[in-house]
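Here's the structure we're looking at; comments come further down.
The values are calculated or read from the model by the stated rules, or taken from the named source; none is laboratory data. Just so we're clear, the structure is a prediction, and the values are computed from it rather than from any experiment. Here the Cβ is made from the backbone with ideal geometry for all residues, glycine too, and neighbour counts use every protein chain on show. SASA here: full protein model, heavy atoms, side chains in, ligands and nucleic acids out. Shrake-Rupley method; radii C 1.70, N 1.55, O 1.52, S 1.80 Å.
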Amino acid sequence: MSGDVPSYGVRAVAGLPEVRPGDDLARLIAAAAPELRDGDVLLVTSKIVSKAEGRIVTADSREEAIDAETVRVVARRGPLRIVENRQGLVMAAAGVDASNTAAGTVLLLPEDPDASARAIRAGLRAALSVDVGVLVTDTFGRPWRTGLTDVAIGAAGVRVLEDLRGNADAHGNPLSATVVATADELAAAGDLVKGKADGLPVAVVRGLGHLVAEGGSARELVRSPADDMFRLGTSEAVREAVTQRRTVRAFTADPVDPGAVRRAVAAAVTAPAPHHTTPWRFVLLESASARLELLDAMRDAWIADLRRDGKSEESIAKRVRRGDVLRAAPYLVVPCLVTDGAHDYGHARRDAAEREMFVVAMGAGVQNFLVALAGERLGSAWVSSTMFCRDVVREVLALPEDWDPMGAVAVGHAAGAPRERAERDPADFIEVR
């Protein structure tokens, strides 16, 4: 082939013995591959690194070992768990492996795969006087794709990412989002010659010396939580949104995406309701003028009520200030209850119960709404104030007489991290019969 055409070669390293705890991997590899050159990239299966580092543990069950290595459950379906493990990797079963190890034991991933790669690289430099890159690899499944492939979980002396942003393609179009995971591509290439059951745990890539450089860490390949749009599985995402929802009382000035609010309303109206009715209405106050008109009218009505109750002007001022959470929000929503589908029994007790059913349905709808807002990364506070001046709210917002405002929801981007919620033991709220 012409020297102008890029090419590389990859081959497995034969002759490695069975690795045992305490073995010097660099020495074993140097003996099996004395022909290593500067610029080669060595791909080392994590399993032999774990064995050499004594990451073999006795476990009554693999599940116990997975529990011990799990930091966060990402998704669960039956016995299968996708988790974030102690190394910060998101993978099936925390990387705990029960194959190719004695019965009653399991292999854990290297405690620090980057450090393992650095040690092998330094050992090969000392043994063979070569400057090579080293990747520690492991097998991953992938979202949206069937099948397994090897990826890099540890790196030393390899440019693990190639950032092409700012360059142009062959047609002159700017590349604005292209960052190539070169370390993972190398790991996958090595797996083609190592295989899964051929007893060939090490491979060498030659011809890509431009990727060998000082530094490098496989942690660069792990997407940050803030940028991870698929951080949780479906059921875990729902639980996360429910448990992480907080009442937010301080907001930034950043605008709220109206589309996000409408998506939250779509979630709200899936709540259960009596008699197959749809008793929810959501009034969206998107303009500052509409918000101020309503809040000013509510404030005036509140002050008048407090004066009629004989409250001092100082007490009134303090109470009004406590209600400023709605004024601080860049977006307001007034949920309203409509009971036009209620049955009229002509009996006070039954009619009261009928009303309660609709109020419960309203609460379910608003809870759906608040949780959906949390899923959109929006903070919220459900404040009851509109319930105390419904006539005023209906008049200002030109609402029908049969719409009952059920509080107001302040919506916006939280100005800071919410306070930790006190732990609640579910057992305190359960009675079993």
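Key figures
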quantity	calculated
Alpha-carbon radius of gyration plus Dmax, which is the widest Cα pair, for segment 95-188 in Å	17.4, 59
Geometric extent, Cα atoms of segment 181-223 - Rg, Dmax (angstrom)	12.0, 33
Tail beyond 16 Å, pair distance distribution of segment 133-198 (Cα, percent)	56
Semi-axis lengths, Å, segment 235-277, gyration tensor of Cα atoms, sqrt of 5 times eigenvalues	24, 16, 11
Those GluC sites (Glu not before Pro) in segment 23-93 that DSSP places in a loop and that have at most 12 other beta carbons within 10 Å	Glu35
With 5 Å bins from 0: P(r) over segment 267-370, alpha-carbon pairs, percent	2, 11, 16, 14, 13, 15, 15, 10, 4, 0
Pairs of alpha carbons in segment 50-158 whose separation is greater than 18 Å (percent)	55
Sites matching trypsin sites (Lys or Arg not before Pro) across segment 120-200 that sit in DSSP coil, with at most 15 neighbouring C-beta atoms within 10 Å	Arg165, Lys196
Percent RCO, i.e. relative contact order, over segment 352-414, from Cα pairs under 8 Å lying at least 6 residues apart	35
In nm, spacing of pseudo-spin labels at Arg77 and Ala226 (7 Å Cα→C-beta vector)	3.2
Stokes-Einstein D (µm²/s) once Rh is taken as the Kirkwood radius of segment 388-433 over alpha-carbon pairs, at 20 °C in 1.002 mPa s	141
Global geometry of segment 217-291, whether rounded, prolate or oblate, following the gyration tensor of its Cα atoms and the 1.5 cut on a/c	oblate
Tail weight of P(r) past 20 Å, computed on alpha-carbon pairs of segment 204-351, percent	73
The chain, relative contact order in percent, only Cα pairs under 8 angstrom and at least six apart counted	15
FRET E, pair Asp163, Asp254, Förster distance 30 Å, beta-carbon r, rounded to 0.05	0.60
Accessible area per residue, Å², segment 73-228 with all protein chains present, probe 1.4 Å	51
Spread of Cα-to-Cα distances over 5 Å intervals beginning at zero, given as percent, for segment 354-426	3, 13, 17, 20, 21, 14, 7, 4, 2
Distance between segment 378-406 and segment 262-278 - C-alpha centres, whole angstrom	18
When segment 119-235 is reduced to its Cα atoms, the Kirkwood hydrodynamic radius in Å	16.2
Mean separation of Cα contacts under 8 Å, 6 or more apart, over the residue count of segment 98-149: relative contact order %	21
Chymotrypsin sites (Phe, Trp or Tyr not before Pro), loop per DSSP, at most 14 other Cβ atoms within 10 Å - longest free stretch of the chain	9-143
Residues of segment 361-416: accessible area per residue with a 1.4 Å probe, Å²	40
Inter-part distance where segment 48-71 and segment 305-332 are each reduced to a Cα centre, Å	59
Accessible carbon and sulfur surface of the chain relative to its total accessible area, %, 1.4 Å	53
Distance (nanometres) between label positions extended 7 Å along Cα→Cβ at Arg219 and Ala297	5.7
Within segment 271-289: backbone nitrogen closer than 18 Å to the Glu356 label point (7 Å, Cα to C-beta)	273-275
Fully extended contour minus Cα-Cα distance, from Asp425 to Ala237, at 0.36 nm per residue	65.6 nm
Normalised alpha carbon radius of gyration of the chain [divisor 2.2 N^0.38 Å]	1.40
Separation of the Glu18 and Arg86 label points, Cα + 7 Å toward Cβ, nm	2.6
FRET efficiency, Ser289 to His347 (Cβ-Cβ, R0 35 Å, nearest 0.05)	0.15
